[in-house]
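Below is one structure; the comments refer to it alone.
The values are calculated or read from the model by the stated rules, or taken from the named source; none is laboratory data. Quick caveat: nothing in here was measured; it's all calculated off a predicted structure. Every residue, glycine among them, receives a Cβ derived from its backbone with ideal geometry; neighbour counts consider all protein chains shown.
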Amino acid sequence: MSDLFDYTVRLGDDALIAAQRTAEWIAAAPQLEEDVALGNIGLDQLGQARSLLQYAGSLDGRTEDDLAYFREEREFRNLQLCELPNGDFAHAMARLLYFATYQHLLYEELRTCADETLAGVAGKAVKEVAYHVDHATQWVLRLGDGTEESHRRMQAALEALWPYTGEMFESDELIGRLAVAVDPAPLRAEWERRVLAVIDESTCSRPEASYQHTGGRSGRHTEHLGYLLAELQHVARSHPGATW
Amino acid sequence: MVTDEAIFDAVGEVADPEVPVLTIADLGVLRGVRHEGDEVVVTITPTYSGCPAMDLIRHEVELTLNHLGVDGRVETVLSPAWTTDWMSAAGKSKLTEYGIAPPTGTRAVGGPVMLSLTIRCPLCGSPDTSELSRFGSTSCKSLWRCNSCREPFDHFKAI
């Protein structure tokens with residue numbers, strides 16, 4: 001397995017698992033417009049996942065479906081942040097703010113990398129993700145600076161997910177070896193600047209530095225990923241070879 | 001032999017399944033036609049990464065090639081990334097007639113998202129409109145309401 005395959009799978013798995021969680025909101029969001037918005041955001045994420053997993057698959061003779069449906073939990077390389085259960089709507093918006101801001105910074109760098117395909121996917125995705133950041137920002141402001149109850153819930157969500165943000169900025173040997181890979185560590189300062197500016201404006205308080213979870217990039221996940229994959233994969237596994 | 005230009009014009013007539021007044025040439029989804037030996041290669045690009053219309057568009061292009069009696073395949077390219085700047089002027093006026101406000105201006109990648117663009121109501125022409133949701137019935141549209149005629153309408157987002 002090549003470094004380029006491993007790296008592309010990381011990006012693809014982030015997008016795929018995020019898409020699956022986002023899709024769970026459809027028909028469960030607080031208002032109809034939000035069902036539609038989250039449906040579209042999930043579709044963007046799924047489109048990015050497909051492009052990335054197609055590319056990864058082309059490097060080692062597999063299809064996007066092989067990678068999405070026929071890998072085990074420990075073979076997934078997504079961030080733990082992406083797999084956590086949805087929680088309430090404030091959690092969804094906190095996660096989208098954290099994740100989309102990270103993706104935006106990452107894709108912005110990746111679109112100038114030497115790998116034509118990764119650069120192409122990133123150049124397309126960065127425009128979509130800008131809308132995701134904007135959407136999450138509007139909701140965090142509205143909920144944080146809203147009623148006592150919405151403020152309380154927004155604050156709780158921002159704090160609950162903060163311990164999963166450190167993983168986004170971990171560098172490792174793979175990133176060191178692969179020239180086209182974007183080192184995420186230097187993106188952290190700008191990420192914090194953008195995210196904290198939104199949190200400040202929302203009248204919520206900044207989450208305190210805390211223990212940071214890690215492991216997703218090496219296949220160690222929270223207990224929630226297995227359940228997510230069971231739902232994602234079971235039709236494909238029950239009917240191997242079926243096409244639709 | 002059918003020329004590349006003739007093929008471009010023919011497949012360019014394929015309609016977008018989501019906004020059927022627009023052809024893929026109007027949208028800028030059709031990127032080019034070239035010959036590789038005897039084989040014709042048509043390149044298309046999605047508006048959004050997850051655009052579910054791409055499979056149907058690819059299929060319709062293949063059908064058109066069949067009708068023309070040429071051997072060909074369809075290639076999807078992501079780069080350069082599609083932008084609403086590629087939509088033709090004819091396409092924009094067709095959109096307005098159809099009741100969808102066309103994209104306005106351009107949006108620099110990574111730049112701030114403009115929050116208070118005035119979008120004219122495609123039905124009565126009033127500039128007094130408000131955004132209901134940044135995301136509409138498809139990825140490429142947002143949902144608006146006209147404060148003058150009170151009708152809701154779609155707006156094709158600048159990207």
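Do you know which of the residues in the stretch A:44-54 that are in contact (Cβ under 8 Å) with a residue 12 or more places away in the chain and either surrounded by fewer than 23 Cβ atoms within 10 Å (Cβ to Cβ) or more than 16 Å from the chain's Cα centre (by Cα) (or both) is nearest to B:Ser139 (Cα to Cα)?
Residue satisfying both the conditions and the ranking: A:Leu46.
Scan the stretch A:90-117 residue by residue and report those that are more than 17 Å from the chain's Cα centre (by Cα) and not acidic (Asp, Glu).
Passing the criteria: A:Arg111, A:Thr112, A:Cys113, A:Ala114, A:Thr117.
What residue, of A:Glu73, A:Glu33, is more than 21 Å from A:Tyr107 (Cα to Cα), without any contact (Cβ under 8 Å) to a residue 12 or more places away in the chain and of a type in the set (D, E, K, R)?
A:Glu33
In this structure, does B:Glu60 turn out to be at pLDDT 90 or above, part of a helix (DSSP H, G or I) and either within 29 Å of B:Ser126 (Cβ to Cβ) or not basic (Lys, Arg) (or both)?
For B:Glu60, the condition - at pLDDT 90 or above, part of a helix (DSSP H, G or I) and either within 29 Å of B:Ser126 (Cβ to Cβ) or not basic (Lys, Arg) (or both) - is met.
Does A:Arg194 qualify as being under 30 Å from B:Lys157 (Cβ atoms), within 14 Å of chain B (Cβ to nearest Cβ) and in contact (Cβ under 8 Å) with a residue 40 or more places away in the chain?
yes
Tell me, which residue of the stretch B:121-152 that is within 24 Å of B:Tyr48 (Cβ to Cβ) and either among the aliphatic types (A, V, I, L, M) or more than 14 Å from chain A (Cβ to nearest Cβ) (or both) is surrounded by the most Cβ atoms within 10 Å (Cβ to Cβ)?
Among them, the one singled out is B:Thr129.
For the stretch A:88-97, does any single residue satisfy the condition of being over 25 Å from B:Val77 (Cα atoms), among the aromatic types (Phe, Trp, Tyr) and assigned to a helix (DSSP H, G or I)?
yes
Based on this model, can you work out whether B:Thr76 counts as closer than 29 Å to B:Val2 by Cα, within 14 Å of chain A (Cβ to nearest Cβ) and modelled with pLDDT of 90 or more?
Judged against the criteria, B:Thr76 is a match.
Pick out the one residue from A:Leu118, A:Leu96, A:Leu110 that is within 16 Å of A:Leu38 (Cβ to Cβ), touching a residue at least 24 places away in the same chain (Cβ under 8 Å), within 13 Å of chain B (Cβ to nearest Cβ) and of a type in the set (A, V, I, L, M, F, W, C).
Answer to the selection: A:Leu96.
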